[in-house]
Amino acid sequence: MKKDKIVEKDLKGITAEKDEFSEWFTQIMLKAELADYTSVSGCIVFKPRAYAIWEKIKEESDKRFKKIGVQNVYFPLFIPEKTLMKEAEHFKGFTPEVAWITHAGDSKLNERLAIRPTSETLMYESYSKWIRSWRDLPLIYNQWNNVVRWEFKHPVPFLRSREFLWNEGHSVYASKKEAESEREKILGIYREICEKYLALPSLIGKKSKKETFAGAEYTYSMEFFMPHGKAIQGPDWHHDGQNFAKAYGIKFLNKDGKEDYAYQNTWAISTRMLGVMFAIHSDEKGLILPPKIAPNKVVIVPILFEDSKDKVLKIVKEIEKDLNEYNILVDDREEYKPGYKFNEWEMKGIPVRIEVGPKDLDKKEVVLVRRDNFSKERVKVKELNKRVGEVLEEIQEDMFKKAYNFLHESIVECKSIAEVKKVLDNKKIAYAPIVNSDKVEEELKTITVGAKVLNIPDKQPDKKGKCIISGKEASYFAYIGKSY
């Protein structure tokens, strides 16, 4: 009997430590009912709990996009091969990732169709037809959709999947200055979503030339640091200059009556951010969610005995009604013991648990438990609404502070490649001087067995010093790390 109970506990709970990242992360995903595998490698099912989080990210982002003049559109999933090939660097960058459709039923298609890896090429054919005058600009369109990228061999749910959901914004301006002024607005929105809702700090900076998005002039990214020592790129913004405009003929008559090519940007946030959030915040007991993004912020677990059940459930219903703004769950199942239910909701990451038992009611109070640090406090029923709101705010702030401290305590300034290697071996991020050179970055990757320049912060020290690879005067200090 004792053995059966142990087996039941092991099967229900997380059995891997957080530093066993792959197994731990997989168990979180499955046991917290976030997603499930399918028969197609690299493609997952988003279960309601995870999809609700994505809906919130989408809702809050979209609300902010519309305030700055963004309009939503939808373009087809399929892109003709000739269209995809028009911008050579862009096509070259995506060639290994493209999934192709060659047949419809038994009939071979006259031209292969790419399943959308990103939509620049298809959208810009239309832009070239729609834009004629400076009066048509700016044109700021965005679509919420799915994309398919097939090149990698080891997909990780949420973090690197072959199909994922995102927004892709594609904006067009009459001048370079106007186009570049968009960056702070878009990255400001993404930063607010990540910090205020997901409780995730990031390193924001410019990508090196080697790491720039295919077809863009330059890229700005938000880089996040995972608990097992790898960085991962989150939302980004690309300035495409006139590269795509020239390839796709996006021209307009300017105010002087002269024909000019437009300037363009692209930008995105994806469902990868769910995986980043799950990984950074969660622990060996399961999922931990920031309250502002959690679909259900509170769960009430009544402690039921036959002689007091009706009394307890009556109070629970009153509490549920009073706290309905928090999308409360009530676990009044009688076939499970309270401890089992506590463990289940800890696994699923509900930010606050309220325990209500007959002894508590005698004192007109309940027990309130935080998921992030398991602290408990007794709260008078009449003060519960106010205190729950305060505790949810405290959890949100504490989770961000913890993640912020983890990120910044993991950054180590280095002056040599030996120091960089040591920092990377200790699963941290190096901040080091380096030359802006593809060759130097290739050498960096070889010496460190896979590290790369994550991005380059705008704020730079006055003196750069010598490049850790070439010994020449450094172009800038950059964040260097191993990455997904």
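If eta is 0.692 mPa s and T is 37 °C, what Stokes-Einstein diffusion coefficient results for region 325-466, Kirkwood Rh from Cα pairs, in µm²/s?
166
By how many degrees, 0 to 90 and rounded to 10, does the Cα axis of helix 176-192 deviate from the longest principal axis of the chain?
10
Determine which lysines satisfy two conditions relative to Lys108: a Cα distance under 17 Å, and not lying fewer than 8 residues away in the same chain.
Within reach: Lys82.
Could you line up Trp144, Trp130, Trp166 from fewest to most neighbouring Cβ atoms inside 10 Å?
Details: Trp144 15, Trp130 11, Trp166 19.
Sorted ascending by nearby Cβ count, the order is Trp130, Trp144, Trp166.
Looking at the calculated P(r) for the chain, what percent of the C-alpha pair distances fall above 44 Å?
Details: 27696 of 116886 pairs.
Summing the P(r) tail past 44 Å for the chain gives 24 percent.
Mind jotting down the three principal axis lengths of region 433-473 based on Cα atoms? Whole angstrom, largest first.
The Cα atoms of region 433-473 stretch 30, 20, 14 Å along their principal axes.
Find, to one decimal place in angstroms, the Kirkwood hydrodynamic radius of region 178-313, where the mean of 1/r is taken over every pair of different Cα atoms and then inverted. Write out the running numbers ahead of the final one.
Details: mean 1/r = 0.0541 Å⁻¹.
After inverting the pairwise mean of 1/r, the radius is 18.5 Å.
Rounded to the nearest 500, what is the 222 nm mean residue ellipticity of the chain from helices alone, with -39500 (n - 2.57) per DSSP H run of 4+ residues and division by all residues?
Values: 15 runs with 171 residues, N = 484.
Here the helix-only value at 222 nm equals -11000 deg cm²/dmol.
Measure nothing fancy, just the Cα-based angle from helix 2-12's long axis to the longest principal axis of the chain, in degrees from 0 to 90, nearest 10.
30
Using 5 Å bins from zero, what percent of all Cα-Cα pairs in region 290-390 falls into each bin?
P(r) over region 290-390, rounded to whole percents: 2, 13, 27, 27, 20, 9, 2, 0.
Compute for region 253-342: radius of gyration divided by Kirkwood radius, i.e. Rg/Rh, restricted to C-alpha atoms, rounded to two decimals.
Here the Rg-to-Rh quotient is 1.40.
Quick one, can you get me the convex hull of the C-alpha atoms of region 385-459 expressed as volume per residue in Å³?
Taking only Cα atoms, region 385-459 has a hull volume of 120 Å³ per residue.
Take the Cβ-Cβ distance between Glu320 and Glu184 as r, set R0 to 56 Å, and report the resulting FRET efficiency rounded to the nearest 0.05.
Efficiency for this residue pair is about 0.80.
Working from Cα positions, state the angle (0 to 90°, nearest 10) between the long axis of helix 272-281 and the longest principal axis of the chain.
Helix 272-281 and the main axis of the chain meet at about 40 degrees.
Based on the Cβ-Cβ distance from Thr95 to Lys255, what FRET efficiency comes out when R0 is 51 Å, to the nearest 0.05? Walk me through the intermediate numbers first.
Details: r = 40 Å, r/R0 = 0.78.
In this case the efficiency is close to 0.80.
Using only the Cα atoms of region 79-197, construct the convex hull and provide its projected area averaged over every direction, in square nanometres to one decimal.
10.2
Taking a quarter of the surface of the convex hull around the Cα atoms of region 128-249, what do you get in nm²?
9.2
What are the semi-axes of the equivalent ellipsoid of region 218-287, taken as the square roots of 5 times the eigenvalues of the Cα gyration tensor, listed largest first and rounded to whole Å?
Values: eigenvalues 351, 20, 13 Å².
Calculated on Cα positions only, the semi-axes equal 42, 10, 8 Å.
We did not get these values from a lab; they are worked out from the coordinates using the rules stated. Bear in mind the structure is a predicted one, so any value in this text is a computation, not a measurement. Here the Cβ is made from the backbone with ideal geometry for all residues, glycine too, and neighbour counts use every protein chain on show.
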